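Worksheet: the structure to be examined is printed underneath.
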Amino acid sequence: MYEWLVFAGVMALGQFSPGPDMVLLTRTALASGRTAGCWTAVGIACGLAIHAAIAVTGISALYRRGGGLVIVMKYAAALYLTWLAYQLIRSGLRSSPLLAGHSRGEGESVYLSWKRGFFCNLLNPKVAVFLAGVTAPFLAIQKSPDHWSLILWATIVFEGVILWCVWVFVLQIPVIRERYLRVAHWFDLAFGVILLGLALMLILV
């Protein structure tokens with residue numbers, strides 16, 4: 001139980017660290033509301049489920065060795081983040097302050113929200129590398145319970161969904177949402193620039 005609590009704590013810190021997933025989730029929750037935010041969180045978790053499976057089954061060694069697979073994924077992720085950044089920057093330049101109850105993203109399809117979250121996470125090879133590094137020492141624990149790797153996988157995925165959805169609900173607090181809507185175009189510009197920076201870091205680091 002102690003080892004599991006430590007693992008869950010480390011994963012919680014990782015989930016809320018600055019990165020493409022958190023930028024996309026925060027912007028979607030603020031601009032498009034609770035439903036779009038939660039489905040983006042589910043999409044991110046679906047991508048995370050694949051990375052987590054890679055980590056707990058040992059296939060993550062392919063990522064650590066680098067090579068063509070990682071290079072292709074890095075550039076694919078950078079292109080996707082650049083495309084998202086372009087959309088946000090264009091939205092920020094074209095938009096003006098919004099009134100509460102009239103956010104741009106209301107009515108956004110569930111599938112679109114899910115797809116953005118899914119590909120944002122799936123195309124980022126650093127997620128698999130991070131999970132491989134975190135899970136390796138826990139997988140090596142002696143006398144671990146049956147299906148320990150499955151327990152770790154489920155912890156990664158379900159903790160992600162729960163905590164990210166809690167974050168989405170926090171962002172729906174009226175005072176937070178109303179203040180955001182008044183300067184939403186500036187936030188879109190800022191989030192777009194951040195995503196461009198993350199895309200550049202993904203290639204260079």
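Of Val70, Val10, which residue is under 21 Å from the mean Cα position of the chain (by Cα), at pLDDT below 65 and closer than 23 Å to Trp153 by Cα? Please lay out each step first, then the result.
Numbers: Val10 fails: at pLDDT below 65.
Among Val70, Val10, only Val70 is under 21 Å from the mean Cα position of the chain (by Cα), at pLDDT below 65 and closer than 23 Å to Trp153 by Cα.
Restricting attention to region 106-125, does a residue exist that is assigned to a helix (DSSP H, G or I) and modelled with pLDDT under 80?
Within region 106-125, one or more residues are assigned to a helix (DSSP H, G or I) and modelled with pLDDT under 80.
Filter region 162-173 for residues that are buried (at least 18 other Cβ atoms within 10 Å of the Cβ), of a type in the set (A, V, I, L, M) and assigned to a helix (DSSP H, G or I) and give the result.
Val168
The rows are residues; the columns are (1) modelled with pLDDT under 80; (2) within 14 Å of Ala41 (Cβ to Cβ).
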residue: Gly133; (1), (2): yes, no
residue: Phe138; (1), (2): yes, no
residue: Trp153; (1), (2): no, no
residue: Cys165; (1), (2): no, yes
residue: Tyr180; (1), (2): yes, no
residue: Val183; (1), (2): yes, no
residue: Trp186; (1), (2): yes, no
residue: Ile194; (1), (2): yes, no
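The values are calculated or read from the model by the stated rules, or taken from the named source; none is laboratory data. Source: prediction; values computed, not measured. Glycine gets a Cβ as well: all are built from the backbone with ideal geometry, and neighbour counts include every protein chain shown.
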